[in-house]
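None of the figures in this text is laboratory data; all of them are computed from the coordinates on show. Please read these numbers as outputs of a predicted model, since none were measured by experiment.
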């Protein structure tokens, strides 16, 4: 090996170590959720629900909101999470859960 190839290998190893360290640091980084306040009109567009329906959900406390005085506030990330929580499972997901449950019951009995 020549001096240049040894120096090249050392530099390459140094770069690889730096990239590993950067990758480790980036994987630990958790960005803050977007806390964007949105109006009831924007929530209506986002959810495809009428404003009176949204006011009913607020009154029943079935939708996430904040209230300061008489003013209602909604946050985009909370509304999106609320929509996701209402997701219905597919038949395949239900079947898979039922199979897994039956398998656990069989495993307990044996």
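Remarks
- The helix-based estimate of mean residue ellipticity at 222 nm for the chain, built from -39,500 (n - 2.57) per DSSP H run of four or more residues and divided by its residue count, is -21000 deg cm²/dmol to the nearest 500.
- Crossing angle, helix 91-109 versus the chain [Cα axis fit, 0-90 degrees, rounded to tens]: 70
- When only Cα pairs below 8 angstrom with a gap of at least 6 residues are kept, the chain shows a relative contact order of 22 percent.
- On Cα atoms only, tilt of 76-85 relative to the major axis of the chain in degrees: 80
- Computed over the chain, the Cα gyration tensor eigenvalues convert (square root of 5λ each) into semi-axes of 48, 31, 12 Å, ordered from largest to smallest.
- Acute angle (nearest 10 degrees) that the helix 3-28 long axis makes with the longest principal axis of the chain, alpha-carbon atoms: 20
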